[in-house]
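Structure, as structure tokens:
The values are calculated or read from the model by the stated rules, or taken from the named source; none is laboratory data. Since we're looking at a predicted model, the values are computed, not measured. Every residue, glycine among them, receives a Cβ derived from its backbone with ideal geometry; neighbour counts consider all protein chains shown.
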Amino acid sequence: MLPNLYPGVSKPLEGARKRFLMLGLGRQSVAMLLMAERGLIGPKPDAAIVADMGAAERGWAREMLRTLQSPNFPLSIPIITHSSGSLESDFEDATLGITSRFSQPPVFLKNEFGERGRLGRRCTRDFKVTPNIAEIKRLLGFEKGARMPREPIAEQWLGFSIEEIRRVAPNKESWLVARNPLIEVGWTTAQCERWLLKEYGLRVRHSGCYFCPNSGDGVWAAMKRDDADEFEKACLMDEAARHGIPGINNEAYLHSSLQPLRSIDFEKRIAEQRGRLLDWQSDGIACDSGACGT
């Protein structure tokens, strides 16, 4: 097992009843799962939990799940999937006026002066965080609404890597300890990518929904180049959002530039941003939840 380089930040819970790995199907969480399977980090989790986003999930992520669950890829750690419905349908119903309340993605808003604002995000909480906590309670044997212990009894593994150490925070549930095994061993996202390719021949990408406003220009550029059908669907969602967000009079966009998604030259934007300090989050919109991007 690799040594814990940051025990003051994250460490195992002694006597934990169970340990659960949050499997977002991106490069970090997949690396974390397979490292645990190989005994490089531990103690080994009792299960990996996937919050199934349905049609909102990137196609390659659904394929990654099928790969991990296939007989040709035997794992001793069971993968458990659960779903709280379809975020894609939720968003579509809202923009069509079928519903007035929805689990809103953090779309960008343009006010009457052309200035940028943003909707508060509810999608992660409604489709990932809250359902994952409910699933952990179920797997621990607690019925819905049951009183939970005050002391920590279980671990929740999150896929933050060392460059994301600023995103680490205690779990809001007193009975559940948030662990960050990749930070414990000092691994970066790049190390996860290289290790997955070398050890398993897997090219794993950044996780997230295909119409996520937190996507950077590199993600949008790759989608436009490699996944034309998904990019077209994202463009249609972007156009539907323009004047279709319930209770919002301002124009809404999926991209921080406040431009229609299909009109943006992502490669040009990437070239213009290259060389900036902290280029990867130069717009100040990096995802801060860790729940769906790990």
Looking for something touching a strand residue (DSSP E or B) at 6+ places or on another chain (Cβ under 6 Å) and either surrounded by 16 or more Cβ atoms within 10 Å (Cβ to Cβ) or of a type in the set (A, V, I, L, M) (or both) - is there at least one such residue anywhere in region 255-274? yes
Taking the conditions exactly as written (part of a strand (DSSP E or B) and of a type outside the set (Ser, Thr, Tyr)), does residue 49 satisfy them or not? yes
Given (1) within 23 Å of residue 201 (Cα to Cα); (2) within 21 Å of the chain's Cα centre (by Cα); (3) part of a loop (DSSP other than H, G, I, E, B), index of the condition residue 29 fails: (3)
Quick one: how many residues across region 124-156 are of a type in the set (A, V, I, L, M, F, W, C), in contact with a Leu (Cβ under 7 Å, 6 or more places away or on another chain) and outside any helix (DSSP H, G or I)? 1
Residue selected from region 102-131 under the condition polar (S, T, N, Q) and modelled with pLDDT of 90 or more, by the criterion nearest to residue 57 (Cα to Cα): 124
Identify the residue in region 64-88 that is polar (S, T, N, Q) and assigned to a loop (DSSP other than H, G, I, E, B) and, among all such residues, is surrounded by the fewest Cβ atoms within 10 Å (Cβ to Cβ). 72
So residue 7 ticks every box in (1) under 17 Å from residue 184 (Cβ atoms); (2) crowded, with 20+ Cβ neighbours inside 10 Å; (3) in contact (Cβ under 8 Å) with a residue 60 or more places away in the chain but one. Which box is left unticked? (2)
Looking at the structure I just gave you, is residue 46 within 22 Å of residue 124 (Cβ to Cβ) and either in contact with a strand residue (DSSP E or B) (Cβ under 8 Å, 6 or more places away or on another chain) or acidic (Asp, Glu) (or both)? no
